[in-house]
Amino acid sequence: MKRVLDLGCGYGWHCIYAMENGASSVVGVDISHKMLEVAKGKTHFPQIEYECCAIEDVDFPEESFDVILSSLAFHYVADYENLIKKIYRMLKAGGNLVFTVEHPVFTAHGTQDWYYNEKGEILHFPVDNYYYEGKRTAMFLEEKVTKYHRTLTTYLNTLLSNSFIINQIVEPQPPENMMDIPGMADEMRRPMMLIVSAKKKM
């Protein structure tokens, strides 16, 4: 039975999934009070606890969790290395960290949109300023949001330099049976997400 921490839990989907798949308890953390209210309304497991705070401010005792996961949240964090150090401390020996982020190729330029010709047809996806890490401004649901671009090297070497073992890296692709969906074939032209699985040394 494993104790799980979900950093940037949003509507609580992964918290519920963890309980449905054998977790003994789950803590979900998110900065959005509104999203947590929705999560609480969806949750029927008393073993799930939700906390409203920025994931950078999370602070639990050493070796509190067997699994720490995060879905599409780390690219909103300014100090990635400090967060990884905290995660290492909060994980039990042999515990697992699994996270997804927007792929560094996707975040590099900042606009996160295709370049189009005068007919509105896709020309290419811009990759620029890749090695210049830091703030990027993108549009999401017609609002400006701040994200932090990092290179693939930074994401992975920060784990290695903080004594994690990298288990697996995945750059998800659309499955063949979805290629008929409008726009899906274009997603083969660029990596949009990155999945990383790592383990704390025993």
(Q) Tell me which strands (runs of 3 or more DSSP E) are completely within region 112-202 and hold 3 or more residues being surrounded by 12 or more Cβ atoms within 10 Å (Cβ to Cβ), or say none if there are none. (A) 143-149, 164-170, 193-200
Q. Quick one: G94 ticks every box in (1) under 18 Å from the mean Cα position of the chain (by Cα); (2) surrounded by fewer than 17 Cβ atoms within 10 Å (Cβ to Cβ) bar one, so which box is it?
A. (1)
(Q) Out of E81, E56, E37, E20, I need the residue that is free of Cβ contacts under 8 Å to residues at least 12 places away in the same chain and either within 13 Å of the chain's Cα centre (by Cα) or closer than 30 Å to E171 by Cβ (or both). Which one? (A) E20
Q: Output the number of residues of region 12-55 satisfying the condition of being buried (at least 20 other Cβ atoms within 10 Å of the Cβ), closer than 16 Å to Y76 by Cβ and out of contact with any Cys (no Cβ under 7 Å at 6 or more places or on another chain).
A: 1
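So that you can scan it fast, the table gives a plain yes or no per residue for (1) touching an Asp or Glu at 6+ places or on another chain (Cβ under 6 Å); (2) closer than 24 Å to K92 by Cα; (3) modelled with pLDDT of 85 or more; (4) of a type in the set (D, E):
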{"position": "T158", "(1), (2), (3), (4)": "yes, yes, yes, no"}
{"position": "N167", "(1), (2), (3), (4)": "no, yes, yes, no"}
{"position": "Q173", "(1), (2), (3), (4)": "no, no, yes, no"}
{"position": "E187", "(1), (2), (3), (4)": "no, no, no, yes"}
{"position": "M192", "(1), (2), (3), (4)": "no, no, yes, no"}
Q: Report, by residue number, each residue of region 62-91 that is among the polar types (S, T, N, Q) and crowded, with 22+ Cβ neighbours inside 10 Å.
A: S70
Q) Looking at T146, is it closer than 30 Å to K201 by Cα, touching a helix residue (DSSP H, G or I) at 6+ places or on another chain (Cβ under 9 Å) and at pLDDT 90 or above? A) no
Q) Taking E62, is it touching a residue at least 60 places away in the same chain (Cβ under 8 Å), touching a helix residue (DSSP H, G or I) at 6+ places or on another chain (Cβ under 6 Å) and acidic (D, E)? A) no
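The values are calculated or read from the model by the stated rules, or taken from the named source; none is laboratory data. Just so it is clear, the structure is predicted and the values come from calculations on it, not from any experiment. Note that we place each Cβ from the backbone using ideal geometry, even for glycine, and neighbour counts take in every protein chain shown.
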